[in-house]
Amino acid sequence: MSHAHFHAQSSARRFGGAPEDYLAIHQWFDATKEMWADARHRALRHHSQGIFECERQFGVTIPNSAGKDVPVRLIGEQHVME
């Protein structure tokens with residue numbers, strides 16, 4: 001996956017709700033593309049410490065539009081795995 005939008009679509013399929021529910025988290029992971037627009041950007045957030053930092057940034061869970069609380073750590077793990 002190369003764009004936060006596609007990660008967000010994947011999250012919506014996996015956790016329910018709409019892609020917009022997850023977009024901010026996936027954009028946060030990929031914000032480092034501002035420095036390196038290639039695979040090197042992954043060195044800064046695409047690991048377990050980055051996932052825990054994401055959880056500190058967004059909270060332990062986020063509500064999606066389907067009314068379900070989704071653990072941010074699971075969203076981060078999905079992003080890194082993809």
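When restricted to residues that are modelled with pLDDT of 95 or more and in a loop (DSSP other than H, G, I, E, B), segment 1-46 contains 4.
All conditions but one from (1) in contact with an Asp or Glu (Cβ under 9 Å, 6 or more places away or on another chain); (2) surrounded by fewer than 17 Cβ atoms within 10 Å (Cβ to Cβ); (3) assigned to a helix (DSSP H, G or I) apply to Ala66; the one that does not is (3). Each residue in segment 30-52 was checked for being more than 16 Å from Met81 (Cβ to Cβ) and in contact with a helix residue (DSSP H, G or I) (Cβ under 7 Å, 6 or more places away or on another chain), and 5 pass.
The values are calculated or read from the model by the stated rules, or taken from the named source; none is laboratory data. Source: prediction; values computed, not measured. Heads up, the Cβs are rebuilt from the backbone with ideal geometry, glycines too, and the neighbour counts pull from every protein chain shown.
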